């Protein structure tokens with residue numbers, strides 16, 4: 001691929017826009033379907049629990065294939081794999097809107113997910129390669145902005161589409177955008193260098209890794225129905241751990257591993273990935289609890305509640321480009337450290353919320369947390385990719401995306417688990433829905449869940465502090 005020295009700043013920015021557009025679509029499709037599930041279940045004549053598999057199979061397929069396509073990006077060229085992904089995702093989006101039953105929908109979602117995994121796994125690697133060092137944090141900020149918006153804006157965008165059109169259009173909206181990005185990419189992406197080395201794929205490692213992801217996420221879905229202490233979920237956890245051990249053993253001895261585990265010996269890279277996982281997990285505490293608080297407790301209509309909820313993604317949208325500029329001018333370690341301090345303060349504010357708190361406090365806390373998160377994501381992504389070997393930028397980007405996806409799923413699971421554990425204990429029996437007529441029970445559950453979310457951020461804060469100490473020691 002052409003070096004970044006051959007690319008003008010304008011062309012770099014256009015490349016980042018193309019990367020960002022597809023990143024937005026692929027992350028948006030992980031959450032936009034949730035709001036359409038009741039309508040889809042009715043139109044397809046299937047129960048709700050079967051409709052939810054259209055969400056789960058998308059996330060499982062992406063997470064299971066990210067490292068494979070990151071590895072292929074390092075071997076075949078990140079731009080080449082990204083382009084293939086744009087074709088596959090756009091075609092999958094076209095198929096997903098064709099109402100031919102649950103089986104066809106799940107097949108289409110798998111096709112979509114394969115394309116999304118191809119683009120997600122190589123976006124950060126491409127942006128790291130094309131952007132010069134003095135623009136790297138801003139490049140990461142651009143991608144992070146689209147990731148965050150896609151992850152959080154799903155319910156709002158989905159609700160808007162469903163208010164005007166039928167549910168297939170939540171998928172078909174991707175088709176014209178995908179075609180536009182494909183055309184833009186043909187003109188602005190640098191050409192990949194001709195490949196001479198033979199292609200080597202770790203198929204056994206890929207199968208083990210995908211099986212581990214599928215078993216783990218499948219166990220989480222089962223546990224939400226049967227309880228985390230039930231026999232089947234526990235069995236899936238044990239099996240996923242055994243698969244993880246088997247994967248590590250295999251990767252240590254195979255000639256061309258799916259993931260070169262030596263990448264984790266770089267402490268700065270590993271710490272950055274872990275903190276990213278923790279921050280994305282904690283961010284979904286707000287994303288999940290806020291609809292309960294606004295619609296069930298405060299009795300606000302869904303449309304108005306959606307407007308209040310937009311304060312978080314809008315603050316991220318405003319904060320991300322600013323964070324990129326700041327991170328390029330100042331030490332990124334300090335920026336991430338103070339950003340996590342801001343997130344911690346925002347999470348602590350939710351612990352003080354009551355059922356009668358002014359609604360402007362909801363907007364302010366959400367906006368503050370979103371703005372602080374923007375100032376964490378941009379420099380942290382830059383630190384992650386800057387500390388990865390150049391020969392493994394594709395795999396590094398895939399690991400970063402995997403940490404994000406697993407963080408979102410883990411956060412959603414943890415917040416609902418903490419909320420229902422607290423409310424069940426207060427009520428004296430197990431409940432898995434909003435306790436109508438018992439607002440204090442919900443508020444106490446919200447406080448308990450948010451405290452746990454703040455604990456996750458504090459762990460990330462400590463790890464970032466340790467990373468800062470390592471950085472200072474390396475200077476002396």
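The values are calculated or read from the model by the stated rules, or taken from the named source; none is laboratory data. Since the model is a prediction, treat every value here as computed from it, not as a measurement. Note that we place each Cβ from the backbone using ideal geometry, even for glycine, and neighbour counts take in every protein chain shown.
Laid out as a table, the results:
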| read-out | value |
| --- | --- |
| Check on residue 182, assigned by TED's automatic domain parsing to the domain that holds residue 17, closer than 14 Å to residue 36 by Cα and touching a helix residue (DSSP H, G or I) at 6+ places or on another chain (Cβ under 9 Å) | no |
| Some residue of region 445-454 being within 28 Å of residue 471 (Cβ to Cβ) and either touching a residue at least 60 places away in the same chain (Cβ under 8 Å) or more than 16 Å from the chain's Cα centre (by Cα) (or both) | yes |
| Options 408, 385; residue that is part of a helix (DSSP H, G or I), closer than 24 Å to residue 326 by Cα and outside the structural domain of residue 148 (by TED's automatic domain parsing) | 385 |
| Test: residue in region 430-439 that is under 23 Å from residue 346 (Cα atoms) and in a helix (DSSP H, G or I) | yes |
| Qualifying position, being closer than 27 Å to residue 394 by Cβ and assigned to a helix (DSSP H, G or I), among 159, 73 | 73 |
| Residue within region 98-107 that is modelled with pLDDT under 90 and in a helix (DSSP H, G or I) present | yes |
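Per-residue answers, yes or no, for (1) in the same structural domain as residue 415 (by TED's automatic domain parsing); (2) closer than 21 Å to residue 346 by Cβ; (3) not in a helix (DSSP H, G or I):
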| position | (1), (2), (3) |
| --- | --- |
| 271 | yes, no, no |
| 278 | yes, yes, no |
| 282 | yes, yes, no |
| 294 | yes, yes, no |
| 299 | yes, no, yes |
